[in-house]
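Taking it in order: structure first as structure tokens, then the write-up.
The values are calculated or read from the model by the stated rules, or taken from the named source; none is laboratory data. Since the structure is predicted, the reported quantities are computational estimates derived from the model, not experimental observations. Here the Cβ is made from the backbone with ideal geometry for all residues, glycine too, and neighbour counts use every protein chain on show.
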Amino acid sequence: MVQMERIRQLAEEVLTFQGESGQPDRWLWERACRIARYTESAFKLPEIQEKAASADLFCLLTAVYFSDSGFRMYARVRGISMTAATLEVRGRELRDFSVQILQEMESRLELEGNLDRVCRIMIESENRLTRVPEAQILSDVRGLDDIGNIGILQDVRRCLLQGKGPCSLLEGWDRKIEYRYWEARLKEGFCFSSLRQIAKRRLAAMEQCIQQLRTEIHASDLQNITLESFNSIS
């Protein structure tokens, strides 16, 4: 679709920025593309076809591509870098800034009267009790991107940008386990059971990666090695 390609081009323009190294940082753009792929696949699931039959895929995908665009507006308002912005703002505040970006770009986006609907999808995606079907889907697919190996990579990126090491990543994980963060996330953070099941499988894979990280940090795989195992010289 020509119109959607236009949306993609403008979103790439907004979400690609100069990183701290001076090179183009495409992290946000790749995240948007990834979540768009989740969305297109999820949209075909029988459960979503049944429960969200009235959902508009074009408006939903537009909301997906511009959901994180608020980082640029926030950076502009605060007078900080995009990198710094990604560490400071999230949730409803981020979506409010994203709406401002959409409104600012309305004439270039050519949404043909769909601007209000797209903005509502983004805002409502932060409302756990929303009844807007597109917002429910957006919330779920965005949640999927926070779980699994991609979720770990995002946490690693955040730690690196804050000057922290792998121990900090492990400490953050342990706090989430202590406060039963993942239990609550799976129970309350998904509107569709089919996507919740995928999230559970991704969490299991995530747990394996964290366990391996814990093993390497604490040298657990070295503790039982005896000196004789190294005595290979006769």
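Scanning segment 168-201 for residues that are part of a helix (DSSP H, G or I) and small (Gly, Ala, Ser) turns up Ser168, Gly172, Ala184, Ser193, Ser194, Ala199. With respect to (1) among the aliphatic types (A, V, I, L, M); (2) over 18 Å from Phe97 (Cβ atoms); (3) part of a helix (DSSP H, G or I); (4) modelled with pLDDT of 95 or more, the lone exception for Ala55 is condition (3). Scanning segment 63-97 for residues that are touching a Lys or Arg at 6+ places or on another chain (Cβ under 9 Å) and among the polar types (S, T, N, Q), we see that the one that is farthest from Gly143 (Cα to Cα) is Thr86. Is it the case that some residue within segment 193-201 is closer than 20 Å to Leu45 by Cβ, within 15 Å of the chain's Cα centre (by Cα) and either surrounded by fewer than 16 Cβ atoms within 10 Å (Cβ to Cβ) or modelled with pLDDT under 95 (or both)? No, segment 193-201 has no match at all. There is no residue in segment 45-60 that is among the β-branched types (Val, Ile, Thr) and within 17 Å of Leu28 (Cα to Cα).
Condition check ((1) closer than 17 Å to Leu10 by Cβ; (2) surrounded by 21 or more Cβ atoms within 10 Å (Cβ to Cβ)) across all residues:
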| residue | (1), (2) |
| --- | --- |
| Leu87 | no, no |
| Glu104 | yes, no |
| Asn114 | yes, no |
| Val118 | yes, yes |
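Take the conditions outside any loop (DSSP other than H, G, I, E, B) and surrounded by 14 or more Cβ atoms within 10 Å (Cβ to Cβ) and apply them to Val64. Does it pass? Yes; evaluated as a whole, the condition is true for this residue. Restricting attention to segment 193-216, the residues that are touching a Pro at 6+ places or on another chain (Cβ under 9 Å) and within 16 Å of Ile177 (Cβ to Cβ) add up to 1. Inside segment 115-144, residues that are assigned to a loop (DSSP other than H, G, I, E, B) and under 13 Å from Asp56 (Cβ atoms) make up a count of 1.
Glu188 meets each of the listed conditions (1) exposed (fewer than 14 other Cβ atoms within 10 Å of the Cβ); (2) free of Cβ contacts under 8 Å to residues at least 12 places away in the same chain; (3) among the charged types (D, E, K, R) apart from (2).
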